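See structure below.
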Amino acid sequence: MNSSLILNGFRFILLVLTQVLIFNTLNFLGFINPLVYVIFLYWFPIKGNRAVFMLTAFFLGLMIDIFSDSMALHAIASLTVAYIRPVIMRFCFGVNYEFQNFSFKNTTKVQRITFLGLLVLIHQVVFFSLEILSISHFLLILKKVFATGVVTLILCTLFSSLFSPQSE
């Protein structure tokens, strides 16, 4: 338990710094800024306290907002993903998720990528819908969600394969 807390604290700090110092300064094609901190919501322990998870997700988004000056958009998107994560897990992992001894190592790579992809998609839709805040710019929202979502998913999958334990 204590090592899990230290690991999650280290991931939290490292992802905030990486997002703020590296990925917020990138502008692929002038509008694509990958939001790789979403992988923290994927990595957070499944059996952890849900209230702590939602609070941590809020503070993760808030820290990104403070450094990015983005008016709580990241906090709202992160909190939405944290709230919906159990539903997404039930959808992706089915009956396996209901068992007490559920672990990512008992799932397929496709299920894990689908789960991560849905987390990224929901985060991007909430974030860009609130950023643009106009239904008349629906195509712009879709363009940003798709382009940024694909790049974010690729980077998060790469980070997950590089920095996750081999048993996962």
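The values are calculated or read from the model by the stated rules, or taken from the named source; none is laboratory data. For clarity, every value in this text was computed on a predicted model and none was experimentally measured. Here the Cβ is made from the backbone with ideal geometry for all residues, glycine too, and neighbour counts use every protein chain on show. To get the accessible areas, we keep the full protein, side chains included, count just its heavy atoms, and leave off ligands, DNA and RNA. Shrake-Rupley method; radii C 1.70, N 1.55, O 1.52, S 1.80 Å.
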message: Checking MET54 against (1) modelled with pLDDT under 90; (2) aliphatic (A, V, I, L, M); (3) closer than 26 Å to MET89 by Cβ; (4) open to solvent by less than 70 Å² (accessible area, probe 1.4 Å), only one condition comes out false. Which one?
response: (1)
task: Inspect all residues belonging to the stretch 120-129 and state whether any of them is closer than 26 Å to PRO45 by Cα, under 13 Å from the mean Cα position of the chain (by Cα), aliphatic (A, V, I, L, M) and open to solvent by less than 20 Å² (accessible area, probe 1.4 Å).
output: yes
message: Can you tell me which of (1) open to solvent by 20 Å² or more (accessible area, probe 1.4 Å); (2) among the hydroxyl-bearing types (Ser, Thr, Tyr); (3) within 14 Å of ASN33 (Cβ to Cβ) is the one THR152 doesn't meet?
response: (1)
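Table: residues versus (1) over 22 Å from GLY117 (Cβ atoms); (2) open to solvent by less than 70 Å² (accessible area, probe 1.4 Å); (3) aromatic (Phe, Trp, Tyr); (4) touching a strand residue (DSSP E or B) at 6+ places or on another chain (Cβ under 9 Å).
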site: ILE64; (1), (2), (3), (4): no, yes, no, no
site: PHE67; (1), (2), (3), (4): yes, no, yes, no
site: ILE76; (1), (2), (3), (4): no, no, no, no
site: ILE84; (1), (2), (3), (4): no, yes, no, no
